[in-house]
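First up is the structure itself, then whatever we jot down about it.
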Amino acid sequence: MTKSEKSEIVKAAIRANPKAANRALAKQLNYEYPELWPTIERARDAVRYWKGKKGQRNLSGISDNSLVNYEVKSNAKILLFDLETAPMKAYIWSKWANGVHDDQIINDWFVLTWSAKWLFGDKVYQAKVTKKEAKAQNDKRIIKSLWKLIDEADIIIAHNLKKFDRKKANTRFLLHGLGLPSPYLIIDTLLHARRQFAITSNRLDYIAHNFLGLEGKMETPKGLWWRAVEGDTEAIKIMADYCDQDVRVLEDVYLYLRPYIQPHPNVGLFNELDEEACTACGGKDLNMIGDYHTNVNIYTAYRCGDCGSISRSRVTTTPIRTKRALKVPVAR
């Protein structure tokens, strides 16, 4: 079967049930065409690729023109991850108390579950505490497995990575004597959403579902966190599934934000160094769009035909005579 024929099958499934969640459509494709999509994750990638072209608001006019590209073009190992922590338990005298003293803390926080996936990968990796570990507040086993994944990564992506996920992970690495993982670059989608846009809410679910019209986060029953802390195995399982979905949503949102992430870690460094490549996705379809000016130099600007990101040349095009005569603005 040709690529265009496969695409038509996916688009037909989307048009037939436009309000269905991506995973529901993926299960349908995996069931009806197992030879084309042997796993649900691969079917889901195909669904979100085509649904992401126009979003759920205009599915009738699906076309091949899109700046969201679900394809590996770089050798960089890019890891998306999310973790869920247990709430702290403390003695308080008022629900309006402004602070809690150290001696009021009964139980400190720990990690209940984490999920991660390699960018464009089929598998979502997951680890969650057992009933016994939850009651003992012992996350050492699952933290070790998270450390190993992060240690492999070249680039880490998370929503609120700088203020929450990285600090929480490092705190547990310190507690369990694991040391820092190998050096990695970071992409905090929350930080870039705040920096580049004025979206009504920067919550991951709002950006994905309410703003972009993509599949959103999983709804959770009331009191789920409290039940998980007490060792309720069903609650822990639901939380792990919730965390899995967060990572899938994160990947979708990241790919939409990618052209606007400035600066984006240069994934071209992980390809062959003698090849020109997009700094954001590693693609080779670079198109000159004019000049990029700094205070002292002029460079050639390029737009990537695969992801839409803009990069510039390293070698300046500023004439020597211009450089000699050029004055530089003062700092203050």
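For the condition assigned by TED's automatic domain parsing to the domain that holds Lys144, of a type in the set (A, V, I, L, M, F, W, C) and farther than 24 Å from Phe164 by Cα, what is the one hit in Ile92, Ile105? Write out each step before concluding.
Numbers: Ile105 fails: farther than 24 Å from Phe164 by Cα.
Only one candidate qualifies: Ile92.
Tally up the residues in segment 286-332 that are among the hydroxyl-bearing types (Ser, Thr, Tyr), closer than 20 Å to His264 by Cβ and assigned to a loop (DSSP other than H, G, I, E, B), please.
Result for segment 286-332: 3.
Can you pull out the residues in segment 179-196 that are surrounded by 18 or more Cβ atoms within 10 Å (Cβ to Cβ) and either out of contact with any helix residue (DSSP H, G or I) (no Cβ under 8 Å at 6 or more places or on another chain) or not in a helix (DSSP H, G or I) (or both)?
Pro181, Tyr184, Ile187, Asp188
Just one of the numbered conditions (1) assigned by TED's automatic domain parsing to the domain that holds Lys135; (2) surrounded by fewer than 17 Cβ atoms within 10 Å (Cβ to Cβ); (3) touching a strand residue (DSSP E or B) at 6+ places or on another chain (Cβ under 7 Å); (4) not aromatic (Phe, Trp, Tyr) is not true of Asn210; which one?
(3)
For segment 201-257, how many residues meet the condition of being among the aliphatic types (A, V, I, L, M) and under 12 Å from the mean Cα position of the chain (by Cα)?
Filtering segment 201-257 down to residues among the aliphatic types (A, V, I, L, M) leaves 204, 207-208, 212, 214, 218, 224, 228-229, 235-236, 238-240, 247, 249-250, 253, 255, 257.
Checking the rest, the ones that are also under 12 Å from the mean Cα position of the chain (by Cα) come to 204, 208, 247, 249-250, 253, 255, 257.
Qualifying residue count, segment 201-257: 8.
Only one of Ala228, Ala280, Ala240, Ala301 is free of Cβ contacts under 8 Å to residues at least 24 places away in the same chain, small (Gly, Ala, Ser) and surrounded by 15 or more Cβ atoms within 10 Å (Cβ to Cβ). Can you tell me which? Outline the logic, then answer.
On the way: Ala228 fails: free of Cβ contacts under 8 Å to residues at least 24 places away in the same chain; Ala280 fails: free of Cβ contacts under 8 Å to residues at least 24 places away in the same chain; Ala240 fails: free of Cβ contacts under 8 Å to residues at least 24 places away in the same chain.
Ala301 is the lone residue from the list that is free of Cβ contacts under 8 Å to residues at least 24 places away in the same chain, small (Gly, Ala, Ser) and surrounded by 15 or more Cβ atoms within 10 Å (Cβ to Cβ).
Scanning for something surrounded by fewer than 16 Cβ atoms within 10 Å (Cβ to Cβ), touching a Gly at 6+ places or on another chain (Cβ under 9 Å) and over 24 Å from Asp205 (Cα atoms), does segment 117-130 turn up at least one residue?
Looking through segment 117-130, at least one residue is surrounded by fewer than 16 Cβ atoms within 10 Å (Cβ to Cβ), touching a Gly at 6+ places or on another chain (Cβ under 9 Å) and over 24 Å from Asp205 (Cα atoms).
Quick one: is Leu269 within 22 Å of Leu190 (Cα to Cα) and either touching a Phe, Trp or Tyr at 6+ places or on another chain (Cβ under 7 Å) or assigned to a helix (DSSP H, G or I) (or both)? Walk me through it before giving the result.
Numbers: within 22 Å of Leu190 (Cα to Cα): no; either touching a Phe, Trp or Tyr at 6+ places or on another chain (Cβ under 7 Å) or assigned to a helix (DSSP H, G or I) (or both): yes.
Considered against the rule, which asks whether it is within 22 Å of Leu190 (Cα to Cα) and either touching a Phe, Trp or Tyr at 6+ places or on another chain (Cβ under 7 Å) or assigned to a helix (DSSP H, G or I) (or both), Leu269 comes out as no.
Identify, from the list Lys27, Lys51, Lys73, the residue that is modelled with pLDDT of 85 or more and not assigned by TED's automatic domain parsing to the domain that holds Asp205. Let's see the steps before the verdict.
On the way: Lys51 fails: modelled with pLDDT of 85 or more; Lys73 fails: modelled with pLDDT of 85 or more.
Selected residue: Lys27, the only one of Lys27, Lys51, Lys73 that is modelled with pLDDT of 85 or more and not assigned by TED's automatic domain parsing to the domain that holds Asp205.
The values are calculated or read from the model by the stated rules, or taken from the named source; none is laboratory data. The structure displayed is predicted, hence computed values, not measured ones. Cβ atoms come from the backbone with ideal geometry, glycine included; neighbour counts cover every protein chain shown.
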